Amino acid sequence: MNKAITDGLVLMPPAFSAGLNLWSREDGVPGQGSYADQANAAFVPADQDFGGALELQKTSATQKLRCFQQIPMQPGLYLRVTVRVKCVSGALPSVRIAGWAGRSNGSNVPGVVQSGPSVALTQYGQVVEVTAIIGAGNRGGVTMAWGATAAYGHIGLDLTGPNGGVVRIDDIEIEDITGIYLRDIFDAVDVRDFGARGDGVADDTAAFAAADSAAQGRTITVPAGTYRIAGNLTINNPIRFQGTLVQPDEVRLALTRNYDLDSYTSAFGNELLGFRKALQALFYFTDHVALDLSDRRVDLVEPLDVAAIAGLTTFAQRRFLTNGQLNAVAGPGWDDGVVTASATYSPSAPLQLTAVASVSTIPLGARVSGPGVGREVYVVAKNIGTGTLTLSQPLWGGAGTRTLTFTRYKYLLDFSGFEDLSRFEIDRMDLNCNGLCSGIMLPRIGLTLRIGDCVFNRPKDRGITSIGSGCQGLIVDGCQFWSNEQAMLAQDRSSIALNINANDAKIRSNRVVRFAHFMVANGGGHLISGNHFFQGDSAAAGLRRAGLIVTQTNPRLTFTGNYVDNCFIEWSNEHDADPDFTTGFSFGNVSIAANHFFASDVAPWFRWIVIAPKGSGQFVQGLTVSDNTFRTINGAVDRVEAVDTTHGTLDFSRFRNVNFTGNVFNGVSQIVMNPLTLLHTQNTAADTWVVEGGAFMPFGARVRNTQSLVAEGAITTAADVAQYAMPFVLNEQGTARNLVHLRWPAAVKGKVLATLRCDNPT
């Protein structure tokens, strides 16, 4: 350190060789007497210990020595005054650093300490070093705190104790030691003080770690430069970047006190790289469970492979990505990968394709399409050695070799590299796909992932994709899905908001606009509530497509409080390798309650609830449709439900526990009820009354049971003579088996309330 000049301030007093007229025998203020020509003072040019030195005899109680030069003082400046002295003869005095504190108006600063601690000289010829620290603040080690008003000082020393002793005094040194107090004054630690080079070549990891260890709550500053960090680094104190870091992709930076996008962007000088590094740190101990993007947008030119960024394949601790936007920017990184190849399928190995041509070129997460393939079937794993692929769902088209297409969509956030990821949450994120890419691909295996209050803006192909069981317990709550195909007619759209393969999903309070389908759902135990999904278009008598597609026959599904707008529920078994019913459960275990079903400008054959069986022998064995409203405008529909017989039909003889009750129908020509209570009026006496209730039976089912008969008024003969007999009932009459015959002992007429069912209730 330059002891003479600091930031333009001249701190050193003159050497004694420059003349004793420069040194005061009083306080050093102008006009006072100097040591020039004094009998008790002389300059000794060749002392064996000091070289040039002042020889001074003590002749007064306090022998003062002050420089006439004004040594500058200012707030924040700390000066260490050092002098070496020795006694050569006479009485042994004591020595202390002393000074006169001056204000800018030339007066003395009142009430401040202007001398340091005394040091006694105990031996002749022994060199003793005496020091003191002068500064504005009363900090540790400061012996003379002169306050903020001190502008300068006349600095020197005092000799105290007995008179008569002769001492020799080396030149007085004054040095700026403000750096000792910098960390307290400026609350900052500079990484350069710990060896950081900032040249982009030297490894500065250890220097950053040392600075962090020394900071102890103070802010670490990283001046301009490029700092190479070659190893994992955790900074536990606040840090401020002017310079930037360079790190290998696999090396982590954890900023535990500045865990936010702005800090990481500053650290790496690039928002995307900063986001990648912050996301990487999220999967390790950072004292944070959430990465907050602080309402910032991050532009992406290719998918984020989250597992590759994290350097992990499994993770099961709760983490949040929240409060920002991921924005797709056009580029080749979003191009779909498409492979067409032959493969062999056998229902005995329902999740496997064998003898797959060019298997090495087929990417993990590719969607499989082709004959006999249901919707949303994906490649979960592949084995190049055996030429096999593992699928997310079985194929329904039977055994055989066929040509299939494998399409790999690209996603803003791709978690498919995780073999198992649980408890990860994406919250208040705007996934701005811009028609270039899809939104989120879930991990292969996972539990209770949550996506809440997010916006999926114009996904090209898919909003959320599950390729395996990473959707187990999935929660999608309060999100908006805006299609990239809104201007298209419904039948021309291909995008899907989300799909589910595993169990126990909670899909709640989402708004989904004009996709080909809202959701394709396999698995069971799902709660689907409060969603509004609409898929209409501007065509007159336009075609409509399924909004919700349920692909398991017995899904234990509750569908409540939703707004089904210009689309319908399709219930199929297209993910069944053996779609013919043999044993187990057929279509059932579904509750559709308290929903709004709406359609406009649709053809009369439009339906809101459609069962589409693949194979033979399937039936309904547990379905409740209750307290819903069905309404059309600009035209009426024939009825609300139907069976799609393209690939199979239902066995109406096996219907059981079907309930259509409490629903409201507007713009529907034929209402549906089960059980059905109707008033049959027989005006002409007959021994067989034909009760026609079949049109009311759901899905065109038979009238299988007459639950009750109640006569309304008297049952009479043709001559109006009251009869007190009861008829017996013949169900499933007529060619369509949808009539009930009431057989009386004799020809009678009258009215009965008949309660009919299409099923056996148990």
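If Rh is defined by the Kirkwood formula over all Cα pairs and Rg also comes from Cα, what ratio Rg/Rh do you get for the stretch 5-182?
Working: Rg = 15.5 Å, Rh = 16.3 Å.
Rounded to two decimals, Rg/Rh equals 0.95.
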Subject >> Estimated FRET transfer efficiency when R0 is 45 angstrom, pair LEU679-SER616 (beta carbons, to 0.05) >> reply: 0.75
**OP:** Among TRP100, ALA722, TYR264, flag the residue with its Cα farthest along the positive direction of the charge dipole of the chain, charges on Cβ as +1 for Lys/Arg and -1 for Asp/Glu.
**Re:** ALA722
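Would you mind checking LYS410/LYS460; LYS64/LYS86; LYS410/LYS506 for any pair whose Cα atoms are more than 19 angstrom apart? Kindly include the intermediate steps, with their values, before the conclusion.
Details: LYS410/LYS460 9 Å; LYS64/LYS86 16 Å; LYS410/LYS506 25 Å.
Listed pairs above 19 Å: LYS410/LYS506.
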Original post:
What does the highest-first list of 587-600, 346-359, 441-454, 526-539 look like by mean Cβ count within 10 Å?
Top reply: 441-454, 587-600, 526-539, 346-359
Original post:
By how many degrees, between 0 and 90 and to the nearest 10, does the Cα long axis of helix 205-215 differ from the longest principal axis of the chain?
Top reply: 70
**OP:** Per DSSP H run of at least 4 residues, take -39500 (n - 2.57); add these up for the chain, divide by its residues and hand me the 222 nm value, nearest 500 deg cm²/dmol.
**Re:** -1500 deg cm²/dmol
Subject >> Virtual spin-label span in nm between ALA42 and GLU712, 7 Å along Cα→Cβ >> reply: 14.3
Original post:
Hey, fewest Cβ within 10 Å first, where do CYS758, CYS87 land in order?
Top reply: CYS87, CYS758
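If neighbour count is taken as other Cβ atoms inside 10 Å, put MET73, MET12, MET429 in order from fewest to most.
Numbers: MET73 27, MET12 17, MET429 24.
Placing the least packed residue first, the sequence is MET12, MET429, MET73.
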**OP:** Round to a whole angstrom and tell me the spacing of the C-alpha centers of the stretch 498-523 and the stretch 217-261.
**Re:** 41
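Quick check on the chain: what does the Kirkwood estimate of hydrodynamic radius come out to from the alpha carbon pairs, in Å? Could you put the intermediate results ahead of the total?
Working: mean 1/r = 0.0297 Å⁻¹.
Roughly 33.7 Å, rounded to one decimal.
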Original post:
Which stretch or stretches of the stretch 221-248 have amide N atoms under 15 Å from the point lying 7 Å from ASP287's Cα along the Cα→Cβ direction?
Top reply: 234-240
Subject >> ILE177 long-range amide H proximity, modeled H, under 5 Å >> reply: TYR78, LEU79, ARG80
Original post:
What is the magnitude of the charge dipole of the chain about its Cα centre, with +1 placed on the Cβ of each Lys and Arg, -1 on the Cβ of each Asp and Glu, and no other charges, expressed in debye to the nearest 20?
Top reply: 1280
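Please give the net charge around ALA207, taking every other residue with its beta carbon less than 11 angstrom from that of ALA207, where Lys and Arg add +1 and Asp and Glu add -1.
Here the charged neighbours net out to -2.
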Original post:
Per-residue HN-Hα couplings for the stretch 49-58, Karplus 6.51 cos²θ - 1.76 cosθ + 1.60 at θ = phi - 60°, whole Hz, x for Gly and Pro?
Top reply: 9, 10, x, x, 8, 8, 9, 9, 9, 7
Original post:
Counting Lys and Arg as +1 and Asp and Glu as -1, what is the net charge of the other residues whose Cβ lies under 14 Å from the Cβ of ASN258?
Top reply: -1
Original post:
Distance in nm between label sites at SER342 and THR582, each 7 Å beyond Cα in the beta-carbon direction?
Top reply: 2.8
Original post:
Which value, in debye to the nearest 20, describes the size of the charge dipole of the stretch 432-517 about its Cα centre when Lys and Arg Cβ atoms bear +1, Asp and Glu Cβ atoms bear -1, and nothing else is charged?
Top reply: 40
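Using 0.36 nm per residue of separation minus the Cα-Cα distance, give me the extension gain between THR82 and ALA210 in nm, one decimal.
Values: separation 128, 0.36 × 128 = 46.08 nm, distance 3.12 nm.
Result for the pair: 43.0 nm of gain on full extension.
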Subject >> For ARG228, distant residues with modelled amide H under 5 Å away >> reply: GLY198, ASP199, GLY200, VAL201, ASP204, VAL246
Original post:
Residues with beta-carbon under 13 Å from that of SER346, excluding SER346: net charge, scoring Lys, Arg +1 and Asp, Glu -1?
Top reply: 0
Original post:
How far apart, in nm, are the 7 Å Cα→Cβ label points at ALA355 and ASN163?
Top reply: 12.3
**OP:** Using Cα positions and a limit of under 15 Å, work out the aspartates and glutamates in reach of LYS751, with same-chain residues fewer than 8 apart set aside.
**Re:** ASP687, GLU692, GLU712, ASP720
**OP:** In debye, nearest 20, what is the charge dipole magnitude of the stretch 485-666 about its Cα centre with +1 on Lys and Arg Cβ and -1 on Asp and Glu Cβ, if you could check?
**Re:** 400
Original post:
Gap in Å between the Cα centre of the stretch 17-88 and the Cα centre of the stretch 601-651?
Top reply: 109
Original post:
Measuring from centroid to centroid over Cα atoms, what is the spacing of the stretch 711-748 and the stretch 311-377 in Å?
Top reply: 63
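Could you order peptides 242-251, 332-341, 51-60 by the average number of other Cβ atoms within 10 Å of their residues, highest first? Show your work: numbers first, answer last.
Numbers: 242-251: 16.3, 332-341: 14.4, 51-60: 18.8.
Per-residue mean Cβ counts within 10 Å order the peptides as 51-60, 242-251, 332-341.
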**OP:** Take the alpha carbon gyration tensor of the stretch 681-739, find the square roots of its eigenvalues, order them as a ≥ b ≥ c, and report rounded if a/c is under 1.5; if not, report prolate when a/b exceeds b/c, else oblate.
**Re:** prolate
Original post:
Given H placed on each backbone N at 1.01 Å, which residues far from LEU404 in sequence or on other chains put an amide H within less than 5 Å of it?
Top reply: ALA341, SER342, ALA343
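Here, each number is a calculation from the coordinates, and none is a lab measurement. Treat the numbers as computed from the prediction; the structure is a model and nothing was measured. Cβ: placed from backbone, ideal geometry, glycine included. Neighbour counts: every protein chain shown.
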